[in-house]
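These notes concern the structure reproduced below.
The values are calculated or read from the model by the stated rules, or taken from the named source; none is laboratory data. Because the structure is predicted, anything quoted here is derived from the model rather than measured. Cβ coordinates were reconstructed from backbone atoms using ideal geometry, including for glycine residues, and neighbour counts include every protein chain displayed.
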Amino acid sequence: MGSLKAPLCAGVAVVATALIPTAYAADGASGGGEVSLTPSTPSPGAEVSLRVTGCAGKTATAASVAFVSEARLVGTGGTLVGETRVRSSLSLGSYGVTVTCADLRTTHTLRVGPAPTSPATHASPVAPVRAGGGGAAPLASADEARADSPGTAQTVTGLVLAGVAAVVVALRTVRRSRGAD
């Protein structure tokens, strides 16, 4: 499971980036940079993805009292990305996020909202899932299993082979005990 953890987290991040609305804010300080946060209104303890465009450098930092730690943004071509976590003990409200890059310093407002409510769905299916099964369905049926049980010839052959094996083991045991005397 440990080897699946990183690809699974990366897949969740990609899906979250594509499906969750993103907040954009124009750069107020130097005119030209753009900051986006995903999700746009995170709840306390949530992961936040940051994306900054318009920065000439390859690295930047995003700092806020709302973050557990300063986010390190990396990238090329004027687009930098990074992740951080919102403090779990944070009160709901607005907090400033300052992004500092080689030629860019901008401030964005982060709104921390309540945790999303989960939909009222069942944790497991409440009806059979039509998943196919192909040729496995007859094997799972109790009636089919009884009809395919071994016949008389197979039973007799199995008993004869088991008897021969028992005789061979007994003879070898006797032969070894006589040779030891």
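Look at the stretch 68-86 and say how many of its residues are without any contact (Cβ under 8 Å) to a residue 24 or more places away in the chain and not in a loop (DSSP other than H, G, I, E, B).
Filtering the stretch 68-86 for residues without any contact (Cβ under 8 Å) to a residue 24 or more places away in the chain gives 68-72, 74-77.
Narrowing the set further to residues that are not in a loop (DSSP other than H, G, I, E, B) leaves 71-72, 74-76.
So the answer is 5.
With the structure loaded, tell me whether Thr84 is farther than 30 Å from Thr59 by Cβ, among the β-branched types (Val, Ile, Thr) and modelled with pLDDT of 70 or more or whether it fails that test.
no
Do we have any residue at all in the stretch 68-78 that's acidic (Asp, Glu) and modelled with pLDDT of 90 or more?
Kept after step one, since they are acidic (Asp, Glu), are these residues of the stretch 68-78: 70.
Filter once more, so that each one left must be modelled with pLDDT of 90 or more: 70.
Among the residues of the stretch 68-78, at least one is acidic (Asp, Glu) and modelled with pLDDT of 90 or more, which makes the answer yes.
On the given criteria, is Ala63 touching a strand residue (DSSP E or B) at 6+ places or on another chain (Cβ under 8 Å) and buried (at least 16 other Cβ atoms within 10 Å of the Cβ)?
Working: touching a strand residue (DSSP E or B) at 6+ places or on another chain (Cβ under 8 Å): yes; buried (at least 16 other Cβ atoms within 10 Å of the Cβ): no.
So Ala63 fails the test.
Can you tell me which residues in the stretch 53-67 are more than 19 Å from Thr109 (Cβ to Cβ) and either within 26 Å of the chain's Cα centre (by Cα) or not in a loop (DSSP other than H, G, I, E, B) (or both)?
Thr59
As an exercise: evaluate Arg172 against (1) of a type in the set (Lys, Arg); (2) within 30 Å of Arg51 (Cβ to Cβ); (3) modelled with pLDDT of 90 or more and give the number of the one condition it does not meet.
Failing condition for Arg172: (2).
Is there any pair linking a residue in the stretch 89-118 that is farther than 16 Å from Val48 by Cα to one that is of a type outside the set (A, V, I, L, M, F, W, C) and in a loop (DSSP other than H, G, I, E, B), with Cβ under 6 Å and at least six apart or on different chains, and which?
Final answer for the pair search is Cys101/Gly57; Ala102/Gly57; Leu104/Ser30; Leu104/Gly33; Thr106/Asp27; Thr106/Gly33.
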